[in-house]
Structures are given as structure tokens and as C-alpha cells.
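K.L.:
Provided herewith is a single structure, encoded as C-alpha cells, for subsequent inquiry.
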Amino acid sequence: MGEWLVANVTPEAEWQAAAGTAINKLGEDSIGSWYNAVPGTIMRMESIPYGFATSLEILHIVSPGSMERVNISIKKQKERGRKIIETAGGVEAYDQMTRSRQGGRCPTVMLELKKQIVFDD
């Protein structure tokens, strides 16, 4: 109790499988798999940019079939991911296989101030 955990909202398992990445879990950081961090910067992923909805409305008016093609592509990706998971033997088997191919991850290092040894002048 009293511990903060990383909680990234990641895509469904099927999308992660279609992208060839491991299934992110509570407490895992998705930096390096879904997001890339640039040291010294801040990235906010909580909302869509202003004007994005308007540009989608214009796209829908100008080219109504475009949105349908995007939806079809998304459905195909999810189906491909579903097949990849089934072929691997389920979500856990797919996740283990993917993680074994990725190799080891860097450990998390936590530094704490300890006053066990004191040097007096």
C-alpha cells in the first residue's frame, strides 16, 4: 500500500499482437514499445489536439469513403492479431514468446539516502 504503479492505457491484446509487441500489463511502462521518450521533454497523450475533430469532419464531407477504409483497416489488423494470438496458443503464450525474443529489460534502480556510515572530520 502507498506505492504508485505505472498504468498505461494500451491497445487491446489483438492490436499489440498485430504490431508484434508484448502485452503491456499494470505496473509496466510502455515506453519503448508504444511510446518513445525524448529526454528533457514532456509528452501529453491524454487528449486529441484542438481542431482535430474539425479536420475529420471536413475529411468525411470531402471523402466519405476514407473513414470507412480506416475502419476496415483497423478491423483487419485486429483480426490478424487475433490469429497471431491463437497460433501462439493464447494471450499468455504469445506474451511469453514475444518477451523472450525481446531479451532482457533494464532494471529499475531506486536510490535511497542511507545514513548508516558517518564520516566525521
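The values are calculated or read from the model by the stated rules, or taken from the named source; none is laboratory data. Only a predicted model underlies this, so the values are computations on that prediction, with no experimental measurement involved. Reconstructed Cβ throughout: ideal geometry from the backbone, glycine too, with neighbour counts over all protein chains shown.
K.L.:
Need the failing condition index for Tyr50 against (1) out of contact with any Ser or Thr (no Cβ under 8 Å at 6 or more places or on another chain); (2) in a helix (DSSP H, G or I), just the number.
P.N.:
Of the numbered conditions (1) out of contact with any Ser or Thr (no Cβ under 8 Å at 6 or more places or on another chain); (2) in a helix (DSSP H, G or I), the odd one out for Tyr50 is (2).
Let's see how each residue does on (1) under 20 Å from Leu5 (Cβ atoms); (2) touching a helix residue (DSSP H, G or I) at 6+ places or on another chain (Cβ under 8 Å); (3) modelled with pLDDT under 80; (4) among the aliphatic types (A, V, I, L, M):
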site: Ser30; (1), (2), (3), (4): yes, no, yes, no
site: Asn36; (1), (2), (3), (4): no, no, yes, no
site: Met43; (1), (2), (3), (4): yes, no, yes, yes
site: Ile48; (1), (2), (3), (4): no, no, yes, yes
site: Phe52; (1), (2), (3), (4): no, no, no, no
site: Ile61; (1), (2), (3), (4): no, no, no, yes
site: Ser73; (1), (2), (3), (4): no, no, no, no
site: Glu92; (1), (2), (3), (4): no, no, no, no
site: Met97; (1), (2), (3), (4): no, yes, no, yes
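K.L.:
What is the one condition in (1) at pLDDT below 85; (2) in a helix (DSSP H, G or I) that Leu111 does not satisfy?
P.N.:
All conditions pass for Leu111, except number (2).
K.L.:
Further, regarding this structure: Quick one: how many residues across region 14-30 are within 11 Å of Ile85 (Cα to Cα) and either in contact with a Leu (Cβ under 9 Å, 6 or more places away or on another chain) or outside any loop (DSSP other than H, G, I, E, B) (or both)?
P.N.:
Residues that pass the stated criteria total 5.
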